[in-house]
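Quick notes on the structure that follows.
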2 protein chains.
Amino acid sequence: MKISKNLLSGSTTMLLLKLLDNKDMYGYEMIDELAKRSDDTFTLKAGTLYPLLHSLEKDGMLISYEENPDNSRVRKYYSIHKDGKKLLKEKEKEWKIYSSKINKVLEGGVKFEGI
Amino acid sequence: MKISKNLLSGSTTMLLLKLLDNKDMYGYEMIDELAKRSDDTFTLKAGTLYPLLHSLEKDGMLISYEENPDNSRVRKYYSIHKDGKKLLKEKEKEWKIYSSKINKVLEGGVKFEGI
DNA sequence: TATAATATATAGATAATCTATATATGTCAA
DNA sequence: TTGACATATATAGATTATCTATATATTATA
């Protein structure tokens, strides 16, 4: 099932930060890794990713550096910074609240598991 | 915690259909009921709600009628239609997939409870 | 009678996706 | 070696769902 783009809207930053919380990655790798980890549910477009990475770097959440670890082509790697880790924690907390409240409404006011 | 608007984006239609799946309501009542059921997490603005109701009615998901059951003022009630119920089922299915995949990514690839 | 809450409505702003396009490198088959 | 394709990064403009701001009218309350 294709997930509508506006449902994904708002969680993309959290997902990217989560990927980078595990290890440094370059842009294209993040697209592949996110698709892999989500069983092809989240297939981010390059036109979405790169501007988002630039803005996260501009805001001090990420730091980028160029490298070619396999001696092929130079790739632009991103590393999560201190503020990025803090933002990730906030986004995860927000997600837990948001999803539990959605589930509560769907259950007709009955409290769902978790939270 | 205030939930950022773009995280809510895309689930508003599902939530409104869910409310109307329980009983007919008028616009302002939906805002109150959604806030109540979500512990004030989802506080929809009138400027968001009314255009959305109009578009859902235009698409045949809802039917509206005017009534004043308490003999005070006339209110515009909305009733969920057949296509609206179908759309609600789809949206709920999409939500379950979406949320489980987000949780899977957050758990680092480990499967979460449910789904 | 004035003020606030209720109720509906619409125009325009904002923001996060998307598509489309551009450019360049690396791989592989003909 | 040349062409085609996948990889990789980038940006401009379109789309869309929310928001804010504003308008209008009714009802309740001080």
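Averaged over the residues of A:28-36, the number of partner chain Cβ atoms lying within 10 Å of the residue Cβ comes to 1.
Counting only other chain Cβ atoms within 10 Å of each residue's Cβ, the peptide A:5-18 averages 5.
Remark: the protein assembly as shown carries a charge dipole of roughly 40 debye about the Cα centre, counting +1 on each Lys and Arg Cβ and -1 on each Asp and Glu Cβ. Rg/Rh for the protein assembly as shown stands at 1.05; both radii use Cα atoms, and Rh follows the Kirkwood definition. For region A:5-88, the relative contact order comes to 32 percent (Cα pairs under 8 Å, sequence separation of at least 6). A label point on A:SER9, set 7 Å along the Cα-to-Cβ line, lies at 0.3 nm from each of its counterparts in the other copies, closest listed first. Taking amide hydrogens as placed 1.01 Å from N in the peptide plane, the amide H of A:MET25 sits under 5 Å from those of A:TYR78, each at least 5 positions away in sequence or on another chain.
When chain A is treated as a Gaussian network with alpha carbon springs shorter than 10 Å, the biggest mean-square fluctuation among A:GLY27, A:GLY47, A:GLY60 belongs to A:GLY47. Spin-label model, A:LYS5 to A:VAL74: label points 7 Å out along the Cα-to-beta-carbon direction sit 3.2 nm apart.
Within the assembled protein chains, the solvent-accessible surface assigned to B:TYR50 is about 80 Å², based on a 1.4 Å probe. Seen against the Cα atoms of chain B and their longest principal axis, helix B:27-37 is set at about 40 degrees.
Plainly put, the tip 7 Å out from Cα toward Cβ on A:PRO51 is 1.9 nm from that tip on each other copy, the closest given first. Here each label is just a point 7 Å from Cα along the line to Cβ, and for A:ASP83 and A:ASN22 those points are 2.6 nm apart.
Of B:ARG75, A:ARG73, A:ARG37, which has the most accessible area with a 1.4 Å probe, and how do the rest follow in descending order?
The residues order as A:ARG73, B:ARG75, A:ARG37, largest area first.
By the Cα gyration tensor, region A:34-115 has an equivalent ellipsoid whose semi-axes, rounded to whole angstrom, run 34, 17, 11 from largest to smallest. By how many degrees, 0 to 90 and rounded to 10, does the Cα axis of helix A:46-58 deviate from the longest principal axis of chain A? The angle comes out near 80 degrees.
The values are calculated or read from the model by the stated rules, or taken from the named source; none is laboratory data. Every value quoted in this text rests on a predicted model; they were computed, and no experiment measured them. Here the Cβ is made from the backbone with ideal geometry for all residues, glycine too, and neighbour counts use every protein chain on show. Just the protein is used for accessible areas: all its heavy atoms, side chains included, with ligands, DNA and RNA removed. Shrake-Rupley method; radii C 1.70, N 1.55, O 1.52, S 1.80 Å.
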